[in-house]
Every structure is written in structure tokens, then in C-alpha cells.
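Everything below concerns the one structure shown next.
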Amino acid sequence: MVSIWFPGRKSLQRGLGITFSATALIALSACKRAPMPIAVIPRACGTALWEPEHSGAAAAARAQGLTVYWNAPTRPHDVQKQIALLEKVVALRYRGIVLAPDETLALRTPIKNALATHIPIVVVGTEVGIDPDSNLSYVLNDEVAGGRLAARRLGLILGGQGTVAVLGLDPKLRSMSLRDRSFEDTLASEFPRIHVVARRPGQASAAQEQETTEELFQAGTPLDALVALSAEATRGAYYALIEFNRAGITHLIGFDQDLLPPIRNGGLDSVVAQDTQEIGKLAIEQIDRKLHGSRIPDKLIVQPRLLTRENIDAPEMRDVLTAHWWEGQ
């Protein structure tokens, strides 16, 4: 048995004979070392884009002795649900937050309110117009590189000439505006004989994106290719190609890895895939360094990958596509 004496209470200890076993000491020690919870809130759960972030965040948390609380709206574009989740974890005083905003402007004030409580926050996926400081930093996909990848792939498969429609334009996310600008600027400078003949705004669901694409075909718009700037636009465009028997005829380049099997049969030419696993890993490491008082970069940029039929099964693509966030995977 091991006795523990509390200063100033010797008489009480002698009277009550307070002693603690070694087992109790170990339990107390373990309580002190309990992992700190870090909240990770992506734009949606259960998608091929964001589950790899869960994998990277969980692995980094385990390595640092932390735990992760992972939660998000069940569907993209549910901004109010995401704001409610952010306010919840702030109220519960989580030790850090990793957030992928669903919209730039709508999340700006909730993020500022969270920062006022001095909780460290890492924003991923898009900048929100708030300057980095001691409690705010960014881990971002390189949207400029992603736009270039899509433009150069399009130039290759069209032989440098043809027509293309751009789908899924979303000015509510700064990252999407950068993506589109980079794609169109690269196309204009490197492939001037490929012309963008239609541009369509992003919709809230794949079904609506399908309808938008079908309207292009019904209008007789001459299209050699489609470039879909979001996961929903990619899925909707693919469904429209199937409906009009144009899969593999009208080339489709997508973004954000929501639809992978058609890459194998050529119905979807390629996807510019975000490495959200690496983004999740880096974000947790940033939070850990903040908690230990270390200085960190204001912004980290992660390179996307071009996913094609030729490399979809390559080892280097495994981490980009994995959804195995549990320990041991």
C-alpha cells in the first residue's frame, strides 16, 4: 500500500487512515493523461472526398496522444447544420477545431465567434477572408494546381482543339473560384483552340446537376467535353452522359473523387483528387503544435492528384482514396 498525504490535512488523514493502492495511483495518473478531444467538422460525412480526411486526422491524433470528435452534416450544402455543429463544439470547449467550411461568407462570423474564445482553429478546404493569427491557420488544397491539371488533361484528350462546358461553378466558395479561374486561364494560354462554350452554376445535388447537363444536350450545344468542378457536378454530369448514351463519347473530367468506378470503364475520363488524408493529418499536427505553444505556418498547401484509369490502383493513390480511419489500417 502507498499512503498519500495531503498538506494541511494531516490530522484528518491520520484519523481516517486515507491510503491509496498502486492501482489507484495508476488510475489517477491515467486520468491526467487522457487524450484531449479535437473536433473535426468536414462539409459532409460518408463521402469519398472527406472520409480520407478522417483517416489522416485519426492517424495523426493517435500519434500525438489525442482523440478526434468527427461530425458533419449528412449532405453537402447544409450550412445551418454545419454552423450548429461548430457552435456546439465551441460551447463544449473542445481543445481545437478543424473545419472545412461549406460556404465562405456564411461561416466567417461563426469562425470569428469561435476564435474569440481562444480555441485553436485550422480551416481546411477554402480560405474564409480571415487573416491567420496565433489561433487560426489554413491547410488548403492547391486549387491553382488542380485547375492546371484539368486543363492540361483536357488539352491532351482533345488533341488541343474542341469545345467544353464548365459545370458546378460556385462563387460561395473562394476555393472553387480559384479552381475555375486557373482552369480557364491555363486553357486560354496553352490550348487556345479549345473553347468554353457554356458555363453553369453549381447546384445543391447530383440530381439537379444532372438536369443542368441534360439541358445542355437538349439545347444542342456542341460539346466535346465536360469539366465538372465539384463532386455533385461530376456525378450529375456522368448520369446525364449515361441518359443520353454519350458516356465515353463526350469526355468528362471531374473534381473531388465522389465517383470512381466509371474511371475504370472510361465513362469518366479522370478526376482531380484532393489529398484530404494529408490535409487531415497536417491539420491535427497544426492543432497539436498550437496547444504546445509552438509557432506554425499561416498556411500549408497540399498538392492534388490526377486520378485516371492508368493510376487508379497505383500504391501512391491508396492514401488519397482510403476511408479506413480506424486504428490498425
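Before moving on, here are some points about what is shown:
- Rg/Rh for segment 39-79, where both radii come from Cα atoms and Rh is the Kirkwood radius: 1.01
- Descending by average beta-carbon neighbour count within 10 Å, the peptides 228-241, 69-82 line up as 228-241, 69-82, the highest first.
- Divide the volume of the convex hull around the Cα atoms of segment 145-217 by the residue count and you get 87 Å³ per residue.
- Full-stretch length increase - Ala91, Asp298 - with 0.36 nm per residue and alpha-carbon distance subtracted: 72.0 nm
- Scaled against the 2.2 N^0.38 Å expected of a compact globular protein of N residues, the Cα radius of gyration of segment 250-289 reads 1.64.
- Working ranking of peptides 264-277, 106-119 by packing, defined as the average number of other Cβ atoms within 10 Å per residue, highest first, is 264-277, 106-119.
- Probe 1.4 Å, accessible area per residue of the chain, Å²: 47
- If the chain linking Gln208 and Thr109 were pulled fully straight, counting 0.36 nm for each residue of separation and taking away their Cα-Cα distance, it would gain 32.7 nm.
- Converting the Cα gyration tensor eigenvalues of segment 128-181 into ellipsoid dimensions via √(5λ) gives semi-axes, longest first, of 31, 13, 6 Å.
- For the residue pairs Lys172/Lys290; Lys81/Lys112; Lys81/Lys172; Lys112/Lys172; Lys88/Lys172; Lys81/Lys281, the C-alpha atoms sit more than 22 angstrom apart in Lys172/Lys290; Lys88/Lys172; Lys81/Lys281.
- Cβ crowding within 10 Å averaged over residues, with 309-317, 248-256, 196-204 ranked highest first: 248-256, 196-204, 309-317
- Per the Debye calculation on segment 245-329 with a single equal scatterer at every Cα and no solvent contribution, log₁₀ I(q)/I(0) for q = 0.12, 0.22 Å⁻¹ amounts to -0.48, -1.04.
- For the options Glu243, Glu143, Glu127, a Gaussian network treatment of the chain with springs between C-alpha atoms closer than 10 Å singles out Glu243 as fluctuating the most.
- Accessible carbon and sulfur surface of the chain relative to its total accessible area, %, 1.4 Å: 52
- The three principal axes of the Cα atoms in segment 99-226 give end-to-end lengths of 54, 31, 15 Å, sorted in falling order.
- Taking the three principal axes of the alpha carbon atoms in segment 155-261, the coordinate ranges are 34, 32, 28 Å, sorted in descending order.
- Over the chain, dividing the summed -39,500 (n - 2.57) contributions of all DSSP H runs of at least 4 residues by the number of residues returns a 222 nm mean residue ellipticity of -13000 deg cm²/dmol.
- Share antiparallel - DSSP beta bridges, the chain, percent rounded to 5: 15
- Considering only the Cα atoms of segment 177-329, their convex hull presents on average a projected area of 11.8 nm².
- Taking only the alpha carbons of the chain, we obtain Rg and Dmax values of 24.4, 94 Å in that order.
The values are calculated or read from the model by the stated rules, or taken from the named source; none is laboratory data. Please read all numbers here as calculations on a predicted model, not as lab measurements. Every residue, glycine as well, gets a Cβ built from its backbone with ideal geometry; the counts of neighbours run over all protein chains shown. Only protein heavy atoms, including side chains, enter the accessible area calculation; ligands, DNA and RNA are left aside. Shrake-Rupley method; radii C 1.70, N 1.55, O 1.52, S 1.80 Å.
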